[in-house]
Amino acid sequence: MRINRFWSTAATLLAIYAIVKWGIPAASRSITGLPFPLPVPGALVFIYMTLAVVALAILVTFSDRYMDEFVQPVRRFLRGDYGRHPRSVVLVLVPLLAGWQAWDITAPEVAVPAALRIQHPSSNFPKSFETLKNPHASPPEADVQAFVEQAKANNVGFIAQVEADVKRWREANPDKHALEFIATAPMKKFLAALKSGSVDPRAAKAALIEKTLFEGRALYAMNCRACHGDSTAGDGPMADGFKLRPIDFTDNGTIETIVEGYTFWRVTNGGPGLPTEATPWDSAMPEWKLTLTEEERWKIILAEYDLAQKTPRIPEKH
Amino acid sequence: MKAVRTIVLGIAATLAPLALAADKPAKAKPAETPELLEQGRTVYFRRCSFCHGLMGDGDGPAAEFLDPRPRDFTLGTYKFRTTQSGKLPTDEDLFRTVSRGLPGTAMQGFDKETIKNGLTEDERWAVIAWIKTFAQEFKNPEYDPYKQKVSLPKDMPASSEATIAKGKQVFERAKCWECHGKQGRGDGQKAFDRTDDWGFPIRIRNVTHPWKIKGGTAVEDIYLRFTTGINGTPMPSFIEGVPKEEDRWALATYIQSLQHRQTEHQVLKPLRVEGAVPSASGDATWTKAPPMDVRLAGQVTAPPRWQNPSIELVTVRAVANDKEIAFLLQWDDAFKDAVHKDDQELDAKELAKVGGYSSYVDPYKQVPRKLETFRDAIALQFPVKPPEGTKRPHFLRGDASSPVHLWHWKADLEEQGKRSVEEAIARGWKQPAKPLGEKQQLVAGKAEWNDGRWSVVMKRALAAADASGVQFTPGVFVPLALNVWDGSNGEHGLLMSVSTWHYVFLEAPTPVRVYGYTGFAVLATGLLGFGLMRKAQRSD
């Protein structure tokens, strides 16, 4: 039995719609390997469907016979050959559908104003910050030498914030070297070298960085942890209170993509220091220059990269 | 029917272990070797010591800013266990805490599966072995926690209306409300004097806020908490108070049913009414107004900074007619604080020095966190000028060029029968907000405190007569943020909870042209259809 041209045309149109609407997204999952389908944009659906309608219209109007065959069921339906009730239903439903569409297109749409997170301000990030280097990531020779002398005399000084804790440990471990609580490989190596009497400057530098990291982690825990979290993943206990969540440092797209100088500038000037292009100012980041010294800020940044297991971007040569 | 039940139970049984998989070790526990201990010492130093201290005494550099404070490992007193009250935890209990963390506290999950820089299973076992060296008790076979295990009930019916109703009876009979309050909001005690074994003040848990429930929000977790008790705190074991397993299970389902489900949207749509807008929280109209939950954090942007807020959720509703708008603000606060002593306030300037020892306020030493000192208060904050594009004032009090309008309700004024809302304009946090003139004070406030919850109503005209302050125009998104103070938590001035911007949106009436277009579309298509029908009939 041959299917009438009207029904075959309608079925073709429906099949094309189904392919575009559901077929392509379903296929996209196996192509991209992503766990979610990629939807076809509305504008593209519209183009595909317009093309399909035009093509089918050409086919239908190809000859008078085709046209007659196509129009026949419509005419018979309108005449009431398929019953009067279905005809009435269709004649009422179609105008209602048209009205619904007209309402949908013309009624004002209510959309929440967009709030975008802007990481890189295009201006106002002072060029003087661009090439800044963390002084604690590569301490100068003299500092390393001073550190070795202090370590030899067993009177290494720490920042005030950690002093009480270190003091309690020293009192409980009077027979140990004061740096021994820093239980990391570079420090163990340095202390062994110190005992044997031959200190390699590179080992001493690595040990000094370990000591700075210890201080930086404590400062991070005191000042940054509540929002950015122990994990540095932007999930501290207060993170849910901010609609613009604190940055996740372990994410590949954050602190790894910027130079240290930018990080320092951001920590220093906080949310209120962002340029006007970066509004809406939803950043809760404090202006740390008001309460932390420059040295404290750099130590925190060193520890932050270390905890997040990331390295800063190298500044470009100009 | 039986088949269906078997399938459902089968699926549940398969899913249950999955849900807990991350908290449970996948492999066998490694043997406690000197190498393992040394590895644990390194992990502990790098990831734990700044809070828990180099000596494991819970007194690391960051400890004094944390509330609750970090665990002191030297006593072997642990809160979350599967062992009887007062006993040591099993290694698996510690593994669970290290892996999943304690929600709502500084202790985060360290599972490498959930955070990228987390600890592997071996590293977690290593650090647990090291943590156990701080307390002698773990070496004593007499205290073997594995002999003290508490197990889950044999029969664990799913939570249902029946179990919840039964649980509610147990809640009343066992007098849980004496501490946790009739609605579970932690408001059962009149005094603010509870402390833990170390003498630090302790707050009675509001069991309706799931993000603060440290031991876990599942029925199994809740069951274990009052079966094992919470060591070191006033929370006892109810194994004797409620001896029947099935009663405790029912109680756990009831407690779980109290957990608040948060709304997700950021736009508050006021309910439109024809008559007057409500002036008090008891009005039945409020039940029809859609709620918007606003989460808050401690104010950390400006000194003095505050990591220890007690108000973390406010539910807002609004009702408007053609002339007025009323807001209902509700939040849980275990104590009604309706007095304010100005002389107890902190000198913010003193605390804000550069390079000061700390930039946060020490919750234990620097602020008086007690009753009868500071008032409870809330402020609604709106931009004075309608925002252009996406530009909005900073959510913390705006700045010099983008001022904000505050509707500041104060509990002490309410208590004294005075006008309880003060309107003020703020231009940044550096200067205090400037109150509006007497004649411009237009917001009316009315509040109530019941069963550990404040309900505050603030009402004003949509547009102020002199066009000062915020104007509510239909069809315009008006940014809205909140500042909240809990007096007995020591909060005043910039020591407060803040929210970032949300919106109030008064729906505008649909323009007449939309009706026109729609009518035309219906008519035209209808006539066309009718015409075609006639034509088809005639062509016969």
Take chain A, connect every pair of alpha-carbon atoms lying under 10 Å apart with a spring to form a Gaussian network, then pick out the residue of A:ALA185, A:ALA207, A:ALA98 with the largest mean-square fluctuation. A:ALA98
What order do you get for A:PHE36, B:PHE200, B:PHE395, A:PHE249 when you list them from fewest to most C-beta neighbours inside 10 Å? A:PHE36, B:PHE200, A:PHE249, B:PHE395
If we count every other residue with Cβ under 12 angstrom of B:SER402's Cβ, Lys/Arg +1 and Asp/Glu -1, where does the sum land? +3
Whole-angstrom gap from segment B:453-482 to segment A:236-270, using each part's C-alpha centre: 33
Pick out, from B:GLY487, B:THR525, B:PRO403, the residue whose Cα sits farthest towards the positive end of the charge dipole of chain B, with +1 on the Cβ of Lys and Arg and -1 on the Cβ of Asp and Glu. B:THR525
Would you mind getting me the FRET efficiency between B:LYS535 and A:PHE36? Use the beta-carbon distance for r and R0 = 41 Å, nearest 0.05. 0.25
Using modelled amide H (1.01 Å from N, peptide plane; none on Pro or chain starts), what sits under 5 Å from the amide H of A:LYS243, excluding residues fewer than 5 places away? B:THR500
Under 28 Å between alpha carbons, and skipping anything fewer than 8 positions from A:LYS310 in its own chain: which lysines qualify? A:LYS127, A:LYS133, A:LYS188, A:LYS189, A:LYS205, A:LYS211, A:LYS243, A:LYS289, A:LYS299, B:LYS112, B:LYS116
Applying the Karplus parametrisation 6.51 cos²θ - 1.76 cosθ + 1.60 with θ = phi - 60° to the phi angles of segment B:301-308, what ³J(HN,Hα) value in whole Hz is obtained for each residue in order, glycine and proline being reported as x? 6, 10, x, x, 8, 9, 8, 10
For segment A:5-79, size of Cβ-based charge dipole, Lys and Arg +1, Asp and Glu -1, in debye: 200
Which distance in Å, rounded to a whole number, links the C-alpha centroids of segment B:372-420 and segment B:256-318? 15
Rounded to a whole number, the Stokes-Einstein D of chain B in µm²/s (Kirkwood radius over Cα pairs; 20 °C; 1.002 mPa s) is 80
Give me B:ILE311, A:ILE47, B:ILE425, B:ILE378 sorted ascending by neighbouring Cβ count inside 10 Å, so fewest comes first. A:ILE47, B:ILE425, B:ILE311, B:ILE378
Please report B:GLU324, A:GLU215, B:GLU113 as a ranked list, fewest other C-beta atoms within 10 angstrom at the top and most at the bottom. B:GLU113, B:GLU324, A:GLU215
Any idea what the relative contact order of chain B is, in percent, if you count C-alpha pairs under 8 Å spaced at least 6 apart? 12
Near B:GLN39, within a Cβ-to-Cβ distance under 9 Å, what is the net charge of the other residues, with Lys and Arg +1 and Asp and Glu -1? -3
If R0 is 30 Å, what FRET efficiency do you get for A:THR50 and B:THR510 from their C-beta distance, rounded to 0.05? 0.50
Going by Cα centres, segment B:182-248 and segment A:1-38 are how many Å apart? 56
Per Stokes-Einstein, at 25 °C and 0.890 mPa s, what whole-number D in µm² s⁻¹ belongs to the protein assembly as shown, with the Kirkwood radius over Cα pairs as the hydrodynamic radius? 77
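Each value in this text was obtained by applying a stated rule to the coordinates, not by laboratory testing. In this text the structure is predicted, and so the values were computed from the model without any measurement. Cβ: placed from backbone, ideal geometry, glycine included. Neighbour counts: every protein chain shown.
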